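Below you'll find the structure, written out as structure tokens, and then a few comments.
The values are calculated or read from the model by the stated rules, or taken from the named source; none is laboratory data. It should be emphasised that the depicted structure is a prediction, and the values quoted were computed from it without experimental measurement. Heads up, the Cβs are rebuilt from the backbone with ideal geometry, glycines too, and the neighbour counts pull from every protein chain shown.
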């Protein structure tokens, strides 16, 4: 294999890996504040993309995406207030099952509102045949948008969580909810905010990959599974690890496609998930002792 | 407290029972509601209540239909469902099939073989339909082939794989052209262009697998080598990895065999990774929505297709022209979207059934089945059908036209 070919596969791997990373970050935000795995995360991507596609006919592209992100964030907050908050004292398992039900509900609602057709947003720059060359590999400019938006999102979230009061309040909630309450942090609102944030970045990710992967109402579930795999791989609750794990999974899939039959690509994520759950359930980047100390 | 609990439970159970019985009554979609505008005098339509049956009213025919209205094959199933309902309404407006009103029961399989199997069993055992139209995909058709054969119910499949009718099953027919003929037409063009090394990509479903097998079988006949053949999942969203492998092999053309939206993805990804060789698609490309989804990248795609998509350019003495133009106009006026060849397959299936009922002069399953085998020269959207005991498809290579995409529209391919 020569350098351009390696770069080509590598770029293909990190493109898809960065999407998994964003979904995993969404999982981690909610897991951190509540201990729930939100299996409706994948649907947020699709809802955001579909909304932007519908709005695009009426307003310019950037505005359509911005509105879609805001509306999806509000939707995430509403879902939390209606379905999760009343069941707050239920066990984590029940809440997880509720999120599975939510994902099915959202999917069916999308089918009724938007029908089963495949749609996509227009390419942010260029058209479906534009191509740019990097180190001998050819990619669509949209790929750079995906990587750029993912990087900015992760950087923005890191800044948010580390340096802003609100972000630190959410981290406090994640660490110890009772103690955070005692400090005067309104933990119920932190939970709602975490859902809104997760939904918002999910919608943004959905919009930016829409030109590349095309959007159909039922694409949320496979994305959620891969995102979940990545979140587990990196260690639940650790967003930076999720990003690394996402890129790792993407590169692994690209490697499998390049060396073996492409038909095995889908099996990679599931095999990885099984291996991680069996051998290293706390994730690759979380030290075992620390991971086991975390109470869900 | 306990009595209150029991009371509430009891009310719930009664409520559910009422809802359940209410639901069961409304399942069959009744296109028989519309009173015919100009019914001929002797075929006087009877009023709705089933109890009253004057002698002129013949027993209604029940037809089942299994289409992939949602799911990855939605671009096939949705037009098929719309066409079937529209056509049955037209038939009933004109008095029905040989005087028999037609009741159409449409079911959605979402493109899944397991769902198709249970729907087929339901239609055969519970509804006791005369025939089943569909399913939309080859995988589903193969899954229910034996069920229909053993259930002695006529199956008029709208899927392409040759394996549906070969090996032969006496009750199983299909209306789309054969995938082996599609492969042959593609190879003929390749030979003309002097291309000898190709890469094949196909989806891992029944249609893709059958197509890939036909391509592999027929390639040597035309002096073409398949340098690399890769399959991908039907829900695949990124084909750059697979196409990079093809590019690395230095293929002179790419043949993609699938019915899913991946058809648009292949076109786009090829251009994006700078793989500038001719792209051939299967006859699964026959819906303008794939071209729209592909944008500029879809221009230049070459594929075999039924004459429906270029009906306007056919000469006026072409035997299919009238049927094609009428279907196209009816469909486009009513549903406000372009007609596709897939809807045409459902049209052909119902047309053939109607002709067979007419020829047999009866609605008994065995007589209708035997009548289908004798049909010659039925002009449908897919071609002119000539059935026989050995040929349950009735179409040959000439049912295909080679088409290409120019400026986002379909056009006849010229050398």
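Report those helices (runs of 4 or more DSSP H) wholly inside region B:172-261 carrying at least 1 residues which are within 14 Å of chain A (Cβ to nearest Cβ) and modelled with pLDDT of 90 or more. Where helices (runs of 4 or more DSSP H) fall fully within region B:172-261 and carry at least 1 residues being within 14 Å of chain A (Cβ to nearest Cβ) and modelled with pLDDT of 90 or more, they are B:206-218, B:240-248. Restricting the search to region A:88-112, which residues are at pLDDT below 90 and within 14 Å of chain B (Cβ to nearest Cβ)? Across region A:88-112, the qualifying residues are A:111, A:112. If you go through region A:32-66 and keep only what is in a helix (DSSP H, G or I) and surrounded by fewer than 24 Cβ atoms within 10 Å (Cβ to Cβ), you end up with A:32, A:34, A:53, A:54, A:55, A:56, A:61, A:62, A:63, A:64, A:66.
Checked against (1) assigned to a helix (DSSP H, G or I); (2) closer than 21 Å to residue B:401 by Cβ, residue B:319 meets all criteria but (1). One residue alone among A:174, A:263, A:180 is surrounded by 20 or more Cβ atoms within 10 Å (Cβ to Cβ), over 30 Å from residue A:112 (Cβ atoms) and free of Cβ contacts under 8 Å to residues at least 40 places away in the same chain, and that residue is A:180. Across region B:286-335, which residue is surrounded by the most Cβ atoms within 10 Å (Cβ to Cβ) among those that are within 14 Å of chain A (Cβ to nearest Cβ) and within 21 Å of the chain's Cα centre (by Cα)? Residue satisfying both the conditions and the ranking: B:290.
The listed residues are B:144, B:132, and the only one of them that is buried (at least 20 other Cβ atoms within 10 Å of the Cβ), farther than 10 Å from residue B:64 by Cα, at pLDDT 90 or above and not assigned by TED's automatic domain parsing to the domain that holds residue B:212 turns out to be B:144.
Yes or no, residue by residue, for (1) more than 23 Å from residue B:355 (Cα to Cα); (2) at pLDDT below 85; (3) assigned to a helix (DSSP H, G or I):
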{"residue": "B:4", "(1), (2), (3)": "yes, yes, yes"}
{"residue": "B:15", "(1), (2), (3)": "yes, yes, yes"}
{"residue": "B:23", "(1), (2), (3)": "yes, yes, yes"}
{"residue": "B:41", "(1), (2), (3)": "no, yes, no"}
{"residue": "B:51", "(1), (2), (3)": "yes, yes, no"}
{"residue": "B:75", "(1), (2), (3)": "yes, no, yes"}
{"residue": "B:88", "(1), (2), (3)": "no, no, yes"}
{"residue": "B:103", "(1), (2), (3)": "no, no, no"}
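The residues of region B:63-72 that are at the interface with chain A (Cβ under 10 Å from one of its Cβ atoms) and more than 12 Å from residue B:158 (Cα to Cα), listed by number, are B:69, B:70, B:71, B:72. Restricting A:140, A:128, A:150 to residues that are away from chain B (no Cβ under 14 Å), buried (at least 16 other Cβ atoms within 10 Å of the Cβ), in contact with a helix residue (DSSP H, G or I) (Cβ under 8 Å, 6 or more places away or on another chain) and under 22 Å from residue B:241 (Cα atoms) narrows the list to A:150.
Scanning region A:225-238 turns up one or more residues that are over 26 Å from residue A:162 (Cα atoms) and in a helix (DSSP H, G or I).
Among the criteria (1) touching a residue at least 24 places away in the same chain (Cβ under 8 Å); (2) touching a strand residue (DSSP E or B) at 6+ places or on another chain (Cβ under 7 Å), the one residue B:160 does not fulfil is (2).
Entry remark, region B:273-316: residues being assigned to a helix (DSSP H, G or I) and either under 28 Å from residue B:396 (Cα atoms) or in contact with a helix residue (DSSP H, G or I) (Cβ under 6 Å, 6 or more places away or on another chain) (or both) number 18 in total.
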